[in-house]
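See below for the structure under consideration.
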Amino acid sequence: MSFIALVGPEIEENLSLRYLASALMAEGWRVEIVPFASACQLGDALDAVLLADEPPVMVGLSLAFQWRAHDVLAYAMALRERGYAGHVTAGGHFATFACKELLAEYPELDTIVRQEAEETLPALVRAVVAGTPLDPIPGLAYRDGQGAVRLTAMPAVPDLTTIRWPDRRGAPAACFDHPIAPLVSSRGCYANCSFCCIAAWHEQTLPGKRYRQRPVEDVADEMVALWRERGIEIFVFHDDNFFVPSKRLNAERFEALADALEARGIGRYATVVKARPTDVDERVFGILRDRLNCIRCYVGIETDADQGLVTLRRWARPRQNREAIRIVRDLDLYVCFNLLMFDPDTTLEDLETNLAFIEHASEFPSNFGRVELYAGTPLLHRMQQEGRATGDFLQWDYVLATAEVQRVWELAMGAFHERNFSPAALANRIMGTRFDLEVARHFHPDVFEASWLDEGKALTSALALDSVAGLRRIVDHVRTHGDVRGDEALVGELAADLRRAEDTIGAACSELAARVLRAVGRGSPLTDIGDRVATPLQRGIHLGVT
């Protein structure tokens, strides 16, 4: 029997592909998940399909992220050039929004699966095998007999009370021999952030529900099954909205989940979640810490500038950002965050506001970057209407609001790229080191030393404050030097200073991690292995994509 190949990133267990694998296997298909997280895996990913004993009936490509489109499309072209004649489909957030352009410009693709695909993809496989028409299948984009792109009706959103759990093949990632698994307790998003393709994607399901929660009992059943069958001890919730806009309902749901887990006899475990600043509440986060053993929470601060909060359509206000930090600081809960410091309307004053926030929360790992323009988002539409979006559907770009802010951004990236975005970026690595400390604190209290945590916070703060100082050097330079001829020299000097600081702080992090590893005496820290719990800038997983 031939098989179906699902190709996409496996930085973690790719829940999107694994949910689809379960749906296909329920109909009797053999499914192979082919890792393709970066261009360096292209050869192996091609061989998995082209050197198989028999060619797959279908190849499904994960096209969730715009920034990966070139790699994924190159893969499709290479498949065809090397002789694969089967059906190639693609899906995900980006593929859904750009389905017409993709099918018009890339004959290598036969169809696009739009929206969540647990029902659409098996129906597509049945039709391809039987040679029956595609137009009755909801959730497709395809070419008709004349080559024109056609869209079928939007599919109904899957019923989360009956959907099969994701396929869990392969060994899980681990931190100090404590196995890790990602999971979700909900799908969708109730917010309307202007820059977010996820919110825009779920907007398409209206009048269906944009946000759906799984029953607490089902979530508990899956967690306990993972704990018993795979030894999972760390559960990473990838919900876009783990919380709802009600402190009472959040408290009730989290208490109910803790009760359900205890009733099922789960042993030692920990959780990782994401939150908005407006979700952070002393009672709710106390339940998270004390009953659900939360050891890390990513808090989506995004910006502390009033202008940025308006541009990004965030619901928080600066005082709520500060209050969130106060609460997690009082609870001694590890959080990390990113700041989208540069957006289409950013001013130099806004940058100063966000730099002050990093200083205020310097003991919590953070990173900073620019708001990007993603397919389907209100922000992209606005920038197109204003004539400020350049490029094409594969890669949109724009110039910031003023020449001064644009100059700051370009200088910052010249100096900070290695720290923020390189494969070994210390801004991300230190998040992993802090996670290692929390794993050791939770699972190994007999050997854990409080001084390790103090040291980890001090190193985190040192990196954050060094970043603030470097960014302020750039802002001051732009304010006082209208002539750009000195910019290259500034970047060179600043980059050298940043690398020296990174060498010092990075070495201290490595030495701290080595001490923790010697004390724990088992496995490897998460920062030393390839399969890692991705930071928000690294995540490659969303639901319902092929």
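The values are calculated or read from the model by the stated rules, or taken from the named source; none is laboratory data. Nothing here was measured: the structure is a model prediction, and the numbers come from that model. Glycine also receives a Cβ, built like all others from the backbone with ideal geometry; neighbour counts cover every protein chain displayed. These area figures cover heavy atoms from the full protein model, side chains too; ligands, DNA and RNA do not enter into them. Shrake-Rupley method; radii C 1.70, N 1.55, O 1.52, S 1.80 Å.
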Item to check | All positions within the range 491-511 that are touching a residue at least 40 places away in the same chain (Cβ under 8 Å) and either crowded, with 18+ Cβ neighbours inside 10 Å or of a type in the set (Gly, Ala, Ser) (or both) | outcome: Val491, Leu494, Ala495, Leu498, Glu502, Ile505, Gly506, Ala508, Cys509
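Kindly check whether there is at least one residue in the range 213-233 that is within 28 Å of Asn367 (Cα to Cα) and touching a Lys or Arg at 6+ places or on another chain (Cβ under 8 Å). So that I can check it myself, show each step before the final result.
Filtering the range 213-233 down to residues within 28 Å of Asn367 (Cα to Cα) leaves 233.
Applying the additional criterion that residues be touching a Lys or Arg at 6+ places or on another chain (Cβ under 8 Å) yields 233.
Within the range 213-233 (the criterion being within 28 Å of Asn367 (Cα to Cα) and touching a Lys or Arg at 6+ places or on another chain (Cβ under 8 Å)), the answer is yes, since at least one residue qualifies.
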Checklist entry - Would you pick out the residues in the range 1-22 that are open to solvent by 20 Å² or more (accessible area, probe 1.4 Å) and under 25 Å from Asp240 (Cβ atoms)? => result Glu10, Ile11, Glu12
Item to check | Selection within the range 164-209 - assigned to a loop (DSSP other than H, G, I, E, B) and on the phi > 0 side of the Ramachandran plot | outcome: Gly170, Phe176, Asp177
Checklist entry - Within the range 26-42, which residues are open to solvent by less than 50 Å² (accessible area, probe 1.4 Å) and part of a strand (DSSP E or B)? => result Val31, Ile33, Val34
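Take Arg419 and tell me if it is of a type in the set (Lys, Arg) and under 17 Å from Gly506 (Cα atoms).
On the way: of a type in the set (Lys, Arg): yes; under 17 Å from Gly506 (Cα atoms): yes.
It is true that Arg419 is of a type in the set (Lys, Arg) and under 17 Å from Gly506 (Cα atoms).
Yes or no, residue by residue, for (1) hydrophobic (A, V, I, L, M, F, W, C); (2) without any contact (Cβ under 8 Å) to a residue 24 or more places away in the chain; (3) in contact with a Ser or Thr (Cβ under 7 Å, 6 or more places away or on another chain); (4) open to solvent by less than 70 Å² (accessible area, probe 1.4 Å):
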{"position": "Val399", "(1), (2), (3), (4)": "yes, yes, no, no"}
{"position": "Gln406", "(1), (2), (3), (4)": "no, yes, no, yes"}
{"position": "Leu411", "(1), (2), (3), (4)": "yes, no, no, yes"}
{"position": "Asn420", "(1), (2), (3), (4)": "no, no, no, yes"}
{"position": "Ala427", "(1), (2), (3), (4)": "yes, no, no, yes"}
{"position": "Arg434", "(1), (2), (3), (4)": "no, no, yes, yes"}
{"position": "Val439", "(1), (2), (3), (4)": "yes, no, no, yes"}
{"position": "Asp446", "(1), (2), (3), (4)": "no, yes, no, no"}
{"position": "Ser451", "(1), (2), (3), (4)": "no, yes, no, yes"}
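So that you can scan it fast, the table gives a plain yes or no per residue for (1) within 13 Å of Arg276 (Cα to Cα); (2) in contact with a Pro (Cβ under 9 Å, 6 or more places away or on another chain); (3) of a type in the set (Phe, Trp, Tyr):
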site	(1), (2), (3)
Asn293	no, no, no
Val299	yes, yes, no
Ala305	no, yes, no
Gly308	no, no, no
Leu312	no, no, no
Ala316	yes, yes, no
Arg319	no, no, no
Ala324	yes, yes, no
Checklist outcome for this item: Taking the range 115-130 and keeping residues in contact with a Phe, Trp or Tyr (Cβ under 8 Å, 6 or more places away or on another chain) and hydrophobic (A, V, I, L, M, F, W, C) leaves Val125
Checklist entry - When you look at Phe242, is it buried (at least 16 other Cβ atoms within 10 Å of the Cβ), free of Cβ contacts under 8 Å to residues at least 60 places away in the same chain and in a loop (DSSP other than H, G, I, E, B), yes or no? => result yes
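Going through the range 284-299 one residue at a time, which ones are assigned to a loop (DSSP other than H, G, I, E, B) and touching a residue at least 60 places away in the same chain (Cβ under 8 Å)? Quick ask: steps written out before the conclusion?
First, pick out the residues of the range 284-299 that are assigned to a loop (DSSP other than H, G, I, E, B): 291-293.
Matches in the range 284-299: Asn293 only.
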Next on the checklist: Pairs needed: first member in the range 121-133, closer than 16 Å to Ser22 by Cα and touching a residue at least 60 places away in the same chain (Cβ under 8 Å); second member anywhere, buried (at least 19 other Cβ atoms within 10 Å of the Cβ) and of a type in the set (Ser, Thr, Tyr); C-beta distance under 8 Å; at least 6 residues apart or different chains.
Outcome noted: Leu121/Thr89; Leu121/Thr546; Leu124/Thr89; Leu124/Thr111
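Evaluate the range 59-74: report whether one residue or more is assigned to a helix (DSSP H, G or I), in contact with an Asp or Glu (Cβ under 9 Å, 6 or more places away or on another chain), at pLDDT 95 or above and not basic (Lys, Arg). I'd like the intermediate steps shown before the answer.
Initially, the range 59-74 is screened for residues assigned to a helix (DSSP H, G or I), giving 66-74.
Subset that is in contact with an Asp or Glu (Cβ under 9 Å, 6 or more places away or on another chain): 66-67, 73.
Checking which are at pLDDT 95 or above leaves us with 73.
Going one step further and asking which of them are not basic (Lys, Arg), we end up with 73.
Scanning the range 59-74 turns up at least one residue that is assigned to a helix (DSSP H, G or I), in contact with an Asp or Glu (Cβ under 9 Å, 6 or more places away or on another chain), at pLDDT 95 or above and not basic (Lys, Arg).
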Checklist entry - Pairs, please: C-beta under 6 Å, at least 6 apart or cross-chain, first residue in a loop (DSSP other than H, G, I, E, B) and in the range 213-225, second crowded, with 17+ Cβ neighbours inside 10 Å and at pLDDT 95 or above? => result Arg214/Ser185
Item to check | Residue among Ala427, Ala469, Ala458 that alone is hydrophobic (A, V, I, L, M, F, W, C) and farther than 30 Å from Phe195 by Cα | outcome: Ala458
Next on the checklist: For the range 186-233, give me the residue count where each residue is buried (at least 20 other Cβ atoms within 10 Å of the Cβ), farther than 30 Å from Arg370 by Cα and of a type in the set (Gly, Ala, Ser).
Outcome noted: 1
Item to check | The lone exception for Glu386 - which of (1) in contact with a Phe, Trp or Tyr (Cβ under 7 Å, 6 or more places away or on another chain); (2) of a type outside the set (Ser, Thr, Tyr); (3) open to solvent by 30 Å² or more (accessible area, probe 1.4 Å); (4) farther than 30 Å from Thr504 by Cβ it fails | outcome: (1)
Checklist entry - With (1) small (Gly, Ala, Ser); (2) over 21 Å from Ala450 (Cα atoms); (3) at pLDDT 95 or above as the list, and Ala316 as the residue in question, which single condition is left unmet? => result (3)
Checklist entry - With respect to the numbered conditions (1) in a helix (DSSP H, G or I); (2) at pLDDT 95 or above; (3) under 23 Å from the mean Cα position of the chain (by Cα), which one is the sole condition not fulfilled by Ala48? => result (3)
